[in-house]
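Novice: Below is the structure I would like to discuss, written out as structure tokens.
None of the figures in this text is laboratory data; all of them are computed from the coordinates on show. If you're wondering where the values come from, they're calculated on a predicted model, not measured in any experiment. Cβ coordinates were reconstructed from backbone atoms using ideal geometry, including for glycine residues, and neighbour counts include every protein chain displayed.
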Amino acid sequence: RLRRLRYRRALAAIGERATNSTPDTDLHAAVARAERDSEGAGPLPAEDLADVLARPVPETPWAARGLTAEGDIGSISGPSGIGKSWIALSIGLDLAVGRPVLTRFPASRSYRIALVDLESRPWEADQRLHRIVAGAGFAIADLRDKVKVVRQRIRFDRPGDVRRLLASARAWKTGSRL
């Protein structure tokens, strides 16, 4: 799996370089390296389009109808200080108790979630969580065993950190990632 992931990342990097006026000889060399690195990786699973179209159109498995589906991985980006962390924490807590997310998007059920904040210091995250819980009127008992707060700093560019986070999410049986 890691070899396939490296191959996909290499192809994405090649695509980015191709749009940045990289000389063709450099691109050919990068493709050759990516192909060499992918040997033994095996093909990606694929279905024939006719088989896909022969099945009924599936329903979207909404976690929060109209906002996010079950299993989605979300990212909130923007300039500092505009409330990204507050929004992410609010979404996570709403999903944990099965409330309408941001008071607008109905949650399909309650979820076990992991809050991973890579920017805030622990005391900042704690202050925000206290304020959100108090302001939204969450009962602490409703949050018990549904929310894990990850204090360990991790880096998504380190495969070992990502493996540990994914293993932890499986062990905690979390249902959404944001």
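Novice: Rank Ala141, Leu166, Ser110 by how far each Cα sits towards the positive end of the charge dipole of the stretch 85-178 (+1 on Lys, Arg Cβ; -1 on Asp, Glu Cβ) and give me just the farthest.
Specialist: Leu166
Novice: Determine ³J(HN,Hα), in whole Hz, for all residues of the stretch 74-82 in sequence, where each value follows from phi through the Karplus function 6.51 cos²θ - 1.76 cosθ + 1.60 and θ = phi - 60°; x replaces Gly and Pro.
Specialist: 3J(HN,Hα) across the stretch 74-82, in whole Hz: x, 9, 10, 10, x, x, 5, x, 9.
Novice: Please work out the FRET efficiency for the pair Glu59 and Asp145, using the Cβ-Cβ distance as r and a Förster radius of 30 Å; give the result to the nearest 0.05. If you can, show how the numbers build up before the last one.
Specialist: Working: r = 29 Å, r/R0 = 0.96.
With a Förster radius of 30 Å, E is 0.55.
Novice: Evaluate the distance, in nm, between pseudo-label points positioned 7 Å from the Cα of Thr25 and of Ile73 along their respective Cα→Cβ axes.
Specialist: Rounded to a tenth, the inter-label distance reads 3.7 nm.
Novice: Could you give the spread of the C-alpha atoms of the stretch 110-178 along their three principal axes, from largest to smallest, in whole angstroms?
Specialist: Each principal axis gives a Cα extent; for the stretch 110-178 these are 38, 25, 15 Å.
Novice: I need to check one value: relative contact order of the stretch 113-176, counting alpha carbon pairs closer than 8 Å and at least 6 residues apart, in percent.
Specialist: Relative contact order for the stretch 113-176 comes out at 51 percent.
Novice: So how compact is the stretch 39-163: Cα radius of gyration and Dmax in angstrom?
Specialist: In order Rg, Dmax, the Cα atoms of the stretch 39-163 give 18.2, 55 Å.
Novice: Assign unit charges at the C-beta atoms only (+1 for Lys and Arg, -1 for Asp and Glu), then state the dipole size of the stretch 72-172 relative to its Cα centre in Debye, rounded to the nearest 20.
Specialist: Its charge dipole is roughly 240 debye.
Novice: A further question follows. Given H placed on each backbone N at 1.01 Å, which residues far from Val147 in sequence or on other chains put an amide H within less than 5 Å of it?
Specialist: So Val147 has HN proximity to Ile113.
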